[in-house]
Amino acid sequence: MIFTLHERLTEGTFNEGYEDRAGVFRKTEDDICVYAKDQVTLQHVPPPVRELEYRLQLVCDFANDINSEQGEFNPPLVRAMIVHFMMGYDHPFFDGNGRIARTLFYWVMLKAGYDLMKYVSISRVIKKKQESYMTAYLHTETDENDITYFLYNQMGMVKQAVSDLESYLEKKSSELENLSALLDFSPLRGKLNQRQLALLEHAMKNPGAEYTFKSHQNSHGVAYQTARTDLMGLADEFGLLN
């Protein structure tokens, strides 16, 4: 599964001559290393290629909670963060390791039933705080692989991402309330029937939704001609639909 994900995530991103690196382990001659922003300071040398298959299997087993000791409980969020760390640490691929690491983070969370995480963007937060993200890796590696540094950093990233989602939802909710209020006091309210008003309210809550004569007919249980008249009125007479 991981190789398939990597192939899809990196499709069309490799330079000419390196297209065959998608969905396969990096090669010994790739000489993959992680450098600081100055592109001079060496920060991390991933494990050798000969260890990758074994290490990736360990990551998969851990992600699936296989071989855990009886009675041991690893919170899904912590497990997801550790999987994220290990994929970044091992750098099993020529490129796209960050993308696959974040994808597996989401996979672990969604598999555990945290469906809301599909709407939480940690990538955007990591991009804004790239330096602290890399420093967390460095501190972990230089302090006897104490992953607490990375977990603490990632917890902050997740909290920020969740907060950003909450702010976005509050903003959209406020916008909908304002639009509904405008509609309540609009001169159109006296000119539109209840079916047309219901459609407009639905459209405000579902930007990009498409409406047809047939769908409007089915939604309100009216004749086809009535549905057509409703939508044509909104489109031609009031210019509210395209």
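If you scan region 26-41, which residues turn out to be touching a His at 6+ places or on another chain (Cβ under 9 Å) and either part of a helix (DSSP H, G or I) or at pLDDT 85 or above (or both)?
Filtering region 26-41 for residues touching a His at 6+ places or on another chain (Cβ under 9 Å) gives 26, 32-35.
Once the filter is applied, which keeps residues that are touching a His at 6+ places or on another chain (Cβ under 9 Å) and either part of a helix (DSSP H, G or I) or at pLDDT 85 or above (or both), region 26-41 yields only ARG26.
Would you check which residues across region 116-137 are over 11 Å from the mean Cα position of the chain (by Cα) and either of a type outside the set (Gly, Ala, Ser) or loosely packed, with under 12 Cβ neighbours inside 10 Å (or both) and list them?
Passing the criteria: VAL125, ILE126, LYS127, LYS128, LYS129, GLN130, GLU131, TYR133, MET134, THR135, TYR137.
Give the residue, chosen from LEU234, LEU182, LEU188, that is crowded, with 16+ Cβ neighbours inside 10 Å and either at pLDDT below 85 or touching a helix residue (DSSP H, G or I) at 6+ places or on another chain (Cβ under 6 Å) (or both).
Numbers: LEU182 fails: crowded, with 16+ Cβ neighbours inside 10 Å; LEU188 fails: crowded, with 16+ Cβ neighbours inside 10 Å.
Answer to the selection: LEU234.
From the list GLY12, GLY23, GLY17, which one is assigned to a loop (DSSP other than H, G, I, E, B), in contact with a helix residue (DSSP H, G or I) (Cβ under 7 Å, 6 or more places away or on another chain), among the small types (Gly, Ala, Ser) and surrounded by fewer than 19 Cβ atoms within 10 Å (Cβ to Cβ)?
One residue alone meets the criteria, GLY23.
Filter region 139-160 down to residues that are modelled with pLDDT of 90 or more and in a helix (DSSP H, G or I), then give me how many there are.
15
Pairs under 7 Å by beta carbon, first residue farther than 21 Å from ARG21 by Cβ in region 31-51, partner part of a loop (DSSP other than H, G, I, E, B), six or more apart or different chains?
Final answer for the pair search is LEU42/CYS33; GLN43/ALA36.
Does GLN225 meet the test of being over 30 Å from LEU42 (Cα atoms), outside the structural domain of ALA36 (by the TED database) and modelled with pLDDT of 90 or more?
Yes.
The values are calculated or read from the model by the stated rules, or taken from the named source; none is laboratory data. Note that this is a predicted model, so its numbers are computed, not measured. Neighbour counts run over all protein chains shown; Cβ positions are idealised from the backbone, glycine included.
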